[in-house]
Amino acid sequence: NCRYLPEVSDPSIDSTTEPHYSVYGYTGTDVTAAQATANYATYGVLYNWPAVMTEGICPSGWHIPSDGEFTELTDFLGGEGVAGGKMKDNIQWNGTNSSGWSGLPGGYRYSGGFNLDGFDGDWWSASESGSDSWTRDLDYGNDNVNRYSNDRNYGFSARCVRD
């Protein structure tokens with residue numbers, strides 16, 4: 001999961017237009033302190049959608065995948081009903097990681113705080129869905145990859161793929 005962290009936002013404040021960066025469970029605003037947490041080291045950063053779309057989140061030659069690229073991946077891995085087990089890290093939760101994608105259950109941030117660390121992983125795509133944006137979700141209890149259109153204020157993980 002991406003660990004790009006130029007600043008730390010107050011996790012109780014939502015925005016659908018300004019970039020917000022959070023580390024699961026960290027409620028301060030000091031970048032160095034946030035980077036010193038176990039959740040940063042394990043799960044990376046949680047971003048609202050405007051933060052995912054900022055320049056610099058991915059290294060040169062990489063980009064946030066589109067909804068179509070996520071669909072191509074899940075189709076290649078056998079479809080949404082089985083691809084999740086192949087995409088999940090085999091140490092942090094019950095996946096096989098046979099795809100090498102190493103999805104981590106980093107939970108998410110919402111206006112009420114943080115939720116589902118260790119049980120759920122959500123990743124933004126670069127694709128819009130009306131005033132929302134497309135995401136992919138992996139859950140602890142099954143092998144599904146769930147596709148959702150989510151409000152851009154949520155804090156989800158991000159992954160970069162090669163151009």
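The values are calculated or read from the model by the stated rules, or taken from the named source; none is laboratory data. As the structure is a prediction and not an experimental result, all values here were calculated from the model. Cβ sites come from the backbone with ideal geometry, for glycine too, and all protein chains shown count toward neighbours. Note: areas computed on protein heavy atoms with side chains; ligands, DNA, RNA excluded. Shrake-Rupley method; radii C 1.70, N 1.55, O 1.52, S 1.80 Å.
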Gly68 fails exactly one of (1) touching a residue at least 40 places away in the same chain (Cβ under 8 Å); (2) closer than 26 Å to Tyr26 by Cα; (3) open to solvent by 40 Å² or more (accessible area, probe 1.4 Å), namely (2)
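Which helices (runs of 4 or more DSSP H) does the range 1-111 wholly contain that include 2 or more residues that are within 26 Å of Asp132 (Cβ to Cβ) and either touching a Leu at 6+ places or on another chain (Cβ under 6 Å) or among the hydroxyl-bearing types (Ser, Thr, Tyr) (or both)? Walk me through it before giving the result.
Numbers: elements: 31-35, 38-43, 49-52, 67-76, 83-87.
Ranges flagged: 67-76, 83-87.
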The condition of being free of Cβ contacts under 8 Å to residues at least 40 places away in the same chain and open to solvent by 50 Å² or more (accessible area, probe 1.4 Å) holds, among Asp75, Asp89, Asp120, only for Asp75
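May I ask you to list the residues in the range 146-163 that are touching a Pro at 6+ places or on another chain (Cβ under 8 Å) and not aliphatic (A, V, I, L, M)? Outline the logic, then answer.
At the first step, the residues of the range 146-163 found to be touching a Pro at 6+ places or on another chain (Cβ under 8 Å) are 152, 155, 159-161.
Once the filter is applied, which keeps residues that are touching a Pro at 6+ places or on another chain (Cβ under 8 Å) and not aliphatic (A, V, I, L, M), the range 146-163 yields Arg152, Gly155, Arg159, Cys160.
Looking at Ala38, Ala51, Ala34 in this structure, which one is open to solvent by less than 30 Å² (accessible area, probe 1.4 Å), of a type in the set (A, V, I, L, M) and over 12 Å from the mean Cα position of the chain (by Cα)?
Details: Ala38 fails: open to solvent by less than 30 Å² (accessible area, probe 1.4 Å); Ala51 fails: over 12 Å from the mean Cα position of the chain (by Cα).
After applying the criteria, what remains is Ala34.
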Of the residues in the range 124-149, those that are under 20 Å from Ile57 (Cα atoms), polar (S, T, N, Q) and more than 10 Å from the chain's Cα centre (by Cα) come to Ser127, Ser133
Quick check, is Asn153 open to solvent by less than 70 Å² (accessible area, probe 1.4 Å), part of a loop (DSSP other than H, G, I, E, B) and not aliphatic (A, V, I, L, M)?
-> yes
The residue that is farthest from Ser22 (Cα to Cα), considering only those in the range 112-161 that are touching a Phe, Trp or Tyr at 6+ places or on another chain (Cβ under 6 Å) and basic (Lys, Arg), is Arg136
